[in-house]
Amino acid sequence: MSTITKDGVSSPAPAKAAPAKPRRGLRGSPTLNFWLFTGPFLIGLAVFVYAPILWSLWLSFFEARFTVTPDKFVGLDNYVVMLTDEDFVGSLGTFTVFAALIVPLTWATSLGLALLVNRLRFMRAFFRSVFFLPTAVSYVAASLIWKMSIFNGVRFGLMNTFLGMFGIENTAWLANPDPPWYWLVIVTVRLWLQAGFYMILFIAALQNIPQEMYEAAAIDGAKPGWQTFWHITLPQLRATSTAVILLLLVAAYQAFDEFFNLLAKTTWGRPPLMELYYKALGESQDYGAGSAGALILTVLICLVTLLQGKIMGFGRGEESK
């Protein structure tokens with residue numbers, strides 16, 4: 001076809017541009033690119049996560065003392081040994097106390113910090129960074145600071161110095177189980193370390209709440225403060241609160257660093273991971289019983305997580321709430 005110009009001269013119409021072909025990637029194959037990017041991660045996941053889990057499952061059915069290549073099959077004997085071990089069962093009780101203390105305390109503290117920081121009109125980023133900064137501190141370093149400096153059992157400890165100003169005698173915070181002052185040390189160090197992280201999650205959730213809901217509530221006569229928090233803010237944070245509680249429960253089950261560094265020389269106050277550590281890497285080096293205990297703990301974590309998710313309605317659609 002041709003077109004007529006203003007001078008009356010016909011000229012051929014410009015050829016249509018050929019449709020652009022989609023780029024095929026580095027080697028011309030999207031599938032190959034996918035495996036190039038995800039392959040190293042999947043290999044690491046299989047080697048360092050799934051293979052040890054399967055190996056632990058296999059060891060749990062054998063008598064594996066001082067060896068990881070046993071040949072004597074014992075069936076469920078290792079599971080019976082762990083479930084009847086007073087120290088291991090007692091450690092599950094220790095976890096229950098620890099979870100009952102740290103989960104609601106961390107949830108309330110992180111939510112409170114998020115509400116305060118989110119209402120700031122200036123220096124919001126500064127305070128958000130200040131509260132989040134302890135998350136980057138090592139659990140081992142923080143535990144040693146709490147043990148050697150803040151809650152030292154001698155008169156040079158910061159807490160004993162402060163209490164001494166009011167005439168209170170020195171307290172051996174980590175030396176005696178009665179009274180159990182060690183819970184104050186363990187809970188405060190864990191709270192300081194993790195509250196900032198969950199604060200960030202709550203801040204993100206608070207910023208996703210439509211402002212129109214508060215405006216409509218104000219028109220209906222709702223008073224700002226506790227009334228709007230209870231009827232608007234808290235229900236809108238339901239999904240985030242459920243996720244935070246689940247993460248806190250799993251983290252409490254896996255507590256090890258602070259307990260080991262604060263109570264390593266004691267026989268009381270050990271969480272499940274510390275009992276498994278001494279069972280598998282202590283004098284007996286019973287890898288079979290240790291593996292059985294690890295799997296028992298894993299199943300228990302899964303059951304608690306599913307139960308908590310069921311109670312909180314995690315994963316349900318809006319129409320089923």
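The table below lists the values:
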{"read-out": "Residue 135, sole failed condition from (1) buried (at least 16 other Cβ atoms within 10 Å of the Cβ); (2) in contact (Cβ under 8 Å) with a residue 12 or more places away in the chain; (3) of a type in the set (S, T, N, Q)", "value": "(1)"}
{"read-out": "Long-range neighbours under 7 Å by Cβ, at least six apart or interchain, first residue of a type in the set (Gly, Ala, Ser) within the stretch 269-287, second crowded, with 20+ Cβ neighbours inside 10 Å and not in a helix (DSSP H, G or I)", "value": "280/286"}
{"read-out": "So residue 90, is it outside any helix (DSSP H, G or I), surrounded by 15 or more Cβ atoms within 10 Å (Cβ to Cβ) and modelled with pLDDT under 90", "value": "no"}
{"read-out": "Residue among 223, 310, 279 that is at pLDDT below 85 and touching a Gly at 6+ places or on another chain (Cβ under 8 Å)", "value": "279"}
{"read-out": "Residue within the stretch 97-114 that is more than 30 Å from residue 207 (Cα to Cα) and either at pLDDT below 90 or in contact with a helix residue (DSSP H, G or I) (Cβ under 6 Å, 6 or more places away or on another chain) (or both) present", "value": "yes"}
{"read-out": "So residue 258, is it among the acidic types (Asp, Glu) and open to solvent by less than 10 Å² (accessible area, probe 1.4 Å)", "value": "yes"}
{"read-out": "Identity of the residue in the stretch 225-244, open to solvent by 30 Å² or more (accessible area, probe 1.4 Å) and hydrophobic (A, V, I, L, M, F, W, C), that ends up nearest to residue 91 (Cα to Cα)", "value": "243"}
{"read-out": "Subset tally (residues that are touching a residue at least 12 places away in the same chain (Cβ under 8 Å), under 13 Å from residue 194 (Cα atoms) and open to solvent by 50 Å² or more (accessible area, probe 1.4 Å)) for the stretch 93-131", "value": "3"}
{"read-out": "Lone unmet requirement of (1) in a loop (DSSP other than H, G, I, E, B); (2) open to solvent by 40 Å² or more (accessible area, probe 1.4 Å) for residue 300", "value": "(1)"}
{"read-out": "Residue check for residue 173: outside any helix (DSSP H, G or I), at pLDDT 85 or above and either surrounded by 14 or more Cβ atoms within 10 Å (Cβ to Cβ) or polar (S, T, N, Q) (or both)", "value": "yes"}
{"read-out": "Residue satisfying all of: in the stretch 188-224; assigned to a helix (DSSP H, G or I) and among the small types (Gly, Ala, Ser); most open to solvent (accessible area, probe 1.4 Å) among these", "value": "218"}
{"read-out": "Residue in the stretch 150-170 that is surrounded by the fewest Cβ atoms within 10 Å (Cβ to Cβ), counting only those that are part of a helix (DSSP H, G or I) and out of contact with any Leu (no Cβ under 6 Å at 6 or more places or on another chain)", "value": "162"}
{"read-out": "Tabulated pairs, the stretch 140-165, first touching a residue at least 60 places away in the same chain (Cβ under 8 Å), second surrounded by 20 or more Cβ atoms within 10 Å (Cβ to Cβ) and part of a loop (DSSP other than H, G, I, E, B), C-beta under 7 angstrom, 6+ apart or interchain", "value": "147/174"}
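Residues checked against (1) surrounded by fewer than 11 Cβ atoms within 10 Å (Cβ to Cβ); (2) modelled with pLDDT of 90 or more; (3) closer than 14 Å to residue 279 by Cα; (4) not basic (Lys, Arg):
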residue: 31; (1), (2), (3), (4): yes, no, no, yes
residue: 34; (1), (2), (3), (4): no, no, no, yes
residue: 47; (1), (2), (3), (4): yes, yes, no, yes
residue: 51; (1), (2), (3), (4): no, yes, no, yes
residue: 57; (1), (2), (3), (4): no, yes, no, yes
residue: 77; (1), (2), (3), (4): no, yes, no, yes
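The values are calculated or read from the model by the stated rules, or taken from the named source; none is laboratory data. Just so you know, these numbers come straight off a predicted model, no measurement behind them. All Cβ positions, even for glycine, are placed from backbone atoms using ideal geometry, and neighbour counts span all protein chains on display. Keep in mind that these areas ignore ligands, DNA and RNA; they rest on the heavy atoms of the full protein, side chains included. Shrake-Rupley method; radii C 1.70, N 1.55, O 1.52, S 1.80 Å.
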